[in-house]
Every structure is written in C-alpha cells, then in structure tokens.
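Okay, structure first, notes after.
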Amino acid sequence: MPSKRSNVPPFIVMDVMAAAAAIEASGRRVVHMEVGQPAAPAPATALHAAQAALAVGRIGYTETLGIPSLRARIARHYRDIYNLVLDPARVVVTTGSSGGFILAFLSLFEAGDRVALANPGYPPYRHILSALGCEPVLIETSEQTRWALSAKALIAAHRASPLKGVVIASPANPTGTMMDADALARLIAVAEAEGIRVISDEIYHGLDYAFAAETAAKLSERAVVINSFSKYFCMTGWRIGWMVVPESLTRTIDRLQGNLAISVPTLSQIAGEAAFDGRAEMEAVKHGYEENRRILTDGLPKAGLDKFLPVDGAFYLYADIRRFSDDSLDFAKRMLNEAGVAATPGIDFDPIDGRHFLRFCYAGSAAEMHEAVERIGDWLKR
C-alpha cells in the first residue's frame, strides 16, 4: 500500500495536457493554453554552450551547490537587475524551482508546522508541504488586495493559530498579479517581526508588464528566494533553477541536496550560465507575450469572457467563468472537446472558489491567441 503522505492530489494541468494530446493523436488540432510553458526555445547562447560541452564528451558530477562560475553569474544577475550585491556563497543551484521548494521546506520546517499560502496559488506548494507532513494554510485573496496576500491577512491567520512560514509569489501563478515593492516590503517586515520565515517564489521575474518586480533578497537577508531558468529563459525541460538563501542555511542545504540529488545536471548548469548572455533574445520573446496579453485582454471580452484578474506579469490570464458555469473542470473539458482550446480549471489552483475560474497561458504565438479567441467566441455562442 502507498504511504498516507503520498496521497496528494494530482496536478490537474498535467491531466489536461494528456487529454489534449489524445485529441491531437486522433487528428484534431488543439490550441494549447493549459501548461505554463514557453513556446520559444532556450537562448541560442545556452544551446551552443550545451552543444560544445557535449562535443567534449564527459559530463560528470559538479559541486553539490552548483558550478562556482554559474553561482557567481547568478549573483551578478542580482547586481545587474536589482542593484543588489550578493555573495555567490548564498546561491544554490537546484533542479528547477521544484527542487528548490523541497530543499526550502525541508530546511526550514518540521512536520506539523503551519505554512501560509495565498489562495489561489500554485498547487505543488500545498501538495509538497502536505507530503512532508506540514500543514498548508490557505489565505483567501480578493480584489481589495489585488489578489495578493496582504500583511493584514497574514497576521490574522497567525493570530488564529501560529504560522512558521509563508510562501509568496509576484508575479503569481495562476493569477498573473503582482505586489509592488512597498506591499512586498510590508509583508516581509510583518512576517519576520512575528518569526514567520519567508519563501519568495520569483520564477516569473523578468516577465513583468505593469511595473518592475522587486526581489525579496533585497528586502531581507533572512528570506529564501527561489527562481528558475524555466520561464523567462524558456528552459522548462532543462530542469534548472536556483535559490538565494541566508548564509546560515547553506551548509544545511548542501547536506540535503548532496543526499537527495548529489548535484544538479551538469549540462543544464552549463547551458544556464550561458543563458544570461541571451537576454536580448529573451526580451524579444517577452515582447511577444505582451502582444499576446493585448490580444487576449482585447479579444476575450468580445468572445464572452469579460471578467478576469489584473494581468500584471507572468504569462497567465485568470478568467471568471461563472456567467457560463460553476464547474470549471467540466467547462474546461467541454471547451477542449468542443472548441479545441486547452486551458486549466481553477480548481487546480483554488480548492475553495476555483470552480468559477479558468487559467489561460498566453506563452504561445500571436496567431494561436487570435485562433483561441475566435474558437472560444464561436463556442460560447452555440
């Protein structure tokens, strides 16, 4: 029998992707807006570096915390983008952001600890915490807080029953909403004053349209920051990310990662370091997302989906579908089967009110966005 701790809910978006693939296998076309995955390839600089490494032939282990030159390059990134001088010793290379969350949760929390999460939010946060024996505490967000976790709501939850940690994300998945620097600073200050450890998911940094994202690393040396090459650098399948951690945690995480993974895949680390030299290419990709965002925010209201959350960053639009359905899972299935558009039901991200929402990913081409709007509009008029 499987362990009780392994009985976590599925990541529904992966089920949607499988259903879409089955439809395509039957010969029908599907517009993919379900998975948060860039359609563009990794930067040419990353591909060339990987090819050169493969030509040498030997790909061995690296140091557990990552190749030193990559850690130094990540630290330089914080100077270049955030005007923050960061010691490379605080940088940990991870197997995607997912590996970073496991390391962060294991190093900061004991079984039974309560960890606050914004609702709606990325489902693996709560699933990983549950599997590790922690208690995810969902805190509702609203239009009044621009769908972001507020310092007031965090303190209220802490007063009700003490919290040990909080996970924040800006830009957020699935909403695409962001916290400005002042709101982020207030939240971190309140959390740390109460002894609540802060983990900041910054995987969508770089993909900000409303205003520039701020890093928690600039606001607190105690915060744990998690980032990745997956989204901005279009390297999802390379499975490489990083953490910025307090100096007091580096040896702990070194021991954990050494036992869990030995090291992060070497080829991906080599490519990741070179990816930083491909920013001009990635900025062009970002401009494509901005155009896709415009197509959806202009077109979906005309198609019938006229209510959605602020589209500040990332590449998601979180649409309210209650005008048509109170069952987002059924709505997503019908839209896929009847209109050929794949999107993710809100219940994947919000077990409380997600039945009223659908997440659209706009990381594809402009032509696909136009096609999706047309298909959805025709379908909703039937």
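The values are calculated or read from the model by the stated rules, or taken from the named source; none is laboratory data. Computed from a predicted structure; not experimentally measured. Cβ coordinates were reconstructed from backbone atoms using ideal geometry, including for glycine residues, and neighbour counts include every protein chain displayed.
If you check Phe109, Phe105, Phe101 for being out of contact with any Phe, Trp or Tyr (no Cβ under 8 Å at 6 or more places or on another chain) and either hydroxyl-bearing (Ser, Thr, Tyr) or surrounded by 21 or more Cβ atoms within 10 Å (Cβ to Cβ) (or both), only one passes: Phe105.
Is at least one residue of region 266-285 modelled with pLDDT of 95 or more and either farther than 29 Å from Ala53 by Cβ or outside any helix (DSSP H, G or I) (or both)? Checked region 266-285: no residue is modelled with pLDDT of 95 or more and either farther than 29 Å from Ala53 by Cβ or outside any helix (DSSP H, G or I) (or both). For region 3-28, the tally of residues that are touching a residue at least 60 places away in the same chain (Cβ under 8 Å) and assigned to a loop (DSSP other than H, G, I, E, B) stands at 4. Could you tell me whether Ile102 is within 14 Å of Ile128 (Cα to Cα), in the same structural domain as Arg126 (by TED's automatic domain parsing) and among the β-branched types (Val, Ile, Thr)? Yes.
Taking (1) polar (S, T, N, Q); (2) surrounded by 20 or more Cβ atoms within 10 Å (Cβ to Cβ); (3) assigned to a helix (DSSP H, G or I) in turn, Thr250 satisfies each apart from (2).
Of the residues Tyr61, Tyr78, only one is over 17 Å from Cys361 (Cβ atoms), of a type in the set (Phe, Trp, Tyr) and surrounded by 18 or more Cβ atoms within 10 Å (Cβ to Cβ); which? That would be Tyr78, the only listed residue that is over 17 Å from Cys361 (Cβ atoms), of a type in the set (Phe, Trp, Tyr) and surrounded by 18 or more Cβ atoms within 10 Å (Cβ to Cβ). The set of residues from region 291-333 being out of contact with any strand residue (DSSP E or B) (no Cβ under 8 Å at 6 or more places or on another chain), among the hydrophobic types (A, V, I, L, M, F, W, C) and either assigned to a helix (DSSP H, G or I) or over 26 Å from Ala21 (Cα atoms) (or both) comprises Ile295, Ala303.
Conditions (1) over 26 Å from Ser228 (Cβ atoms); (2) surrounded by fewer than 17 Cβ atoms within 10 Å (Cβ to Cβ); (3) assigned by TED's automatic domain parsing to the domain that holds His205, marked per residue:
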site: Val285; (1), (2), (3): no, no, no
site: Ala303; (1), (2), (3): yes, no, no
site: Val311; (1), (2), (3): no, no, no
site: Tyr318; (1), (2), (3): no, no, no
site: Asp330; (1), (2), (3): yes, yes, no
site: Glu338; (1), (2), (3): yes, yes, no
site: Thr344; (1), (2), (3): no, no, no
site: Gly354; (1), (2), (3): no, no, no
site: Gly364; (1), (2), (3): no, no, no
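Only residues that are outside any loop (DSSP other than H, G, I, E, B) and of a type in the set (Val, Ile, Thr): list them for region 352-382, please. Passing the criteria: Val373, Ile376. Check region 37-48 and report whether any residue there is farther than 26 Å from Ala151 by Cβ, under 21 Å from the mean Cα position of the chain (by Cα), modelled with pLDDT of 95 or more and surrounded by fewer than 17 Cβ atoms within 10 Å (Cβ to Cβ). There is at least one residue in region 37-48 that is farther than 26 Å from Ala151 by Cβ, under 21 Å from the mean Cα position of the chain (by Cα), modelled with pLDDT of 95 or more and surrounded by fewer than 17 Cβ atoms within 10 Å (Cβ to Cβ).
Within region 241-265, residues that are modelled with pLDDT of 95 or more have Cβ atoms under 6 Å from residues that are small (Gly, Ala, Ser) and in a helix (DSSP H, G or I) in these pairs: Gly241/Gly96; Gly241/Ser97; Gly241/Gly100; Met243/Gly100; Val244/Ala217; Leu249/Ser107; Thr252/Ser107; Ile253/Ser107, counting only partners at least 6 apart in sequence or on another chain.
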